[in-house]
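Quick note: the coordinates plus some simple rules give every number you see, no bench work behind them. Note that the structure is predicted; figures quoted are calculated from it, not measured. Positions of Cβ are generated from backbone atoms using ideal geometry, with glycine treated the same way; all protein chains shown enter the neighbour counts.
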Amino acid sequence: MTTVALVLAGGTGSRLYPASRSTRPKQFLSLLGSDTLLERTVNRASFADHVVVSTRPELESNVRDLVPDAEVVVEPAGKDTGPALAYATHRVGEAYGDDAVVVVLPSDHTVDDAERFAATLERGARVAHETGRLVAFGVDPTRPETGYGYIEPGADHDGFADLDAFHEKPDAETAARYLESGYLWNAGMFAWRVEAFRAAALDSPLAPLVRALDEGRVEEGFAAVEATSVDYAVMERVTDAAVVPLDVRWDDLGSWDALARLLPADEDGNVVHAGDGVGAGGTPPHADTGGDSPEEATQEDGDVLFVDSGDNVVVSDGPHVSLAGVDGLAVVAWDDRVLVVPKADAQRVRDVVSLLKEQGRF
């Protein structure tokens, strides 16, 4: 069995604006240590025989610089994960044969146990190879999350379950019911044999692209399909997909409130990413948590000062940030931009980015 880890690195990550911009997508950011999110993802792909990174033309140079040992596939146009994966899977087939197993890894995920993660993905690849099914990896949920889609597992088999249904992002009440029912988070990670995915894609909205790729008409094939996710275009349409549970602490670093789950907090629940990183115990370099004498706090670049404030996320690449008498905010100062949003509404950064794109300022 030849296993190819296919890392998706063509997106922008608009909900991490202003750190993430059109020319600096989130996979190039170092938010959880010295390595970028892309480098961390490629490092977790040690289970695979080969690592391929799929990206857009304008990002190719940066990808090659960051992960020089990985192969790079450049998709002709950004049309979401459906066309991107159809093209990249086709290219893997050309290089390694139709029997090769592709394991799809988004480049913005975090896990706490790389060894268990690798073992689970290797097991999922073997399920895909031996059964010919398309495989989704479902994460054991730790909370009734409304920001993720869900997978409803069916009958148990040896190391996997039937995938009975995908469910869209729910409201809070429905998410709680999903949690009680044993549903899994849809992590956007998949495994399939090249030939199995091609057969499924031929019975989907991606069919014109697949046929064009077979005939060497790449540009024409991309022009013939709409932007669509692989979940909608393929995975939700097949009737014999499988799900492999992923029992690790996992998170999708998709919005600023995620840092509250991933970085240590101070005694008031404040989380800071400032300068080059976070110090021990959740207190970043130069940070002050308020108290009786806030005027004594240092005022160097990168400082963060809290006065009677808690449960906040503050991110700065240099400017000093002070918070007084506020709770539950995400405050991001990056480049010449500042973003302030309630943590509970962190998804609304998309609305900001939509307006900025209309104005040509993203």
Value at 222 nm in deg cm²/dmol, rounded to 500, when DSSP H runs of n ≥ 4 in the chain each add -39,500 (n - 2.57): -7500 deg cm²/dmol
Degrees, to the nearest 10: 349-358 long Cα axis against longest axis of the chain: 80 degrees
Segment 23-66: C-alpha pair distances exceeding 18 Å, %: 28 percent
All lysines inside 20 Å of K26 as judged from Cα atoms, apart from same-chain residues fewer than 8 positions distant: K79, K343, K357
Bridge type composition, the chain - antiparallel percent by DSSP, nearest 5: 45 percent
Sequence of L134, L305 once ranked by neighbouring C-beta atoms within 10 Å, starting from the fewest: L305, L134
Where only alpha carbons of the chain are counted, the Rg and the Dmax (Å): 21.4, 72
Between 0 and 90°, nearest 10: helix 81-96 axis offset from the chain longest Cα axis: 60 degrees
With 10 Å bins from 0: P(r) over segment 65-130, alpha-carbon pairs, percent: 16, 41, 38, 4
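Provide Y87, Y178 in ascending order of the number of other Cβ atoms located within 10 Å of each residue's Cβ, fewest first.
Values: Y87 24, Y178 21.
In increasing order of surrounding Cβ atoms, one gets Y178, Y87.
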Burial ordering of T89, T131, T142, T55, fewest other beta-carbon atoms within 10 Å first: T142, T131, T55, T89
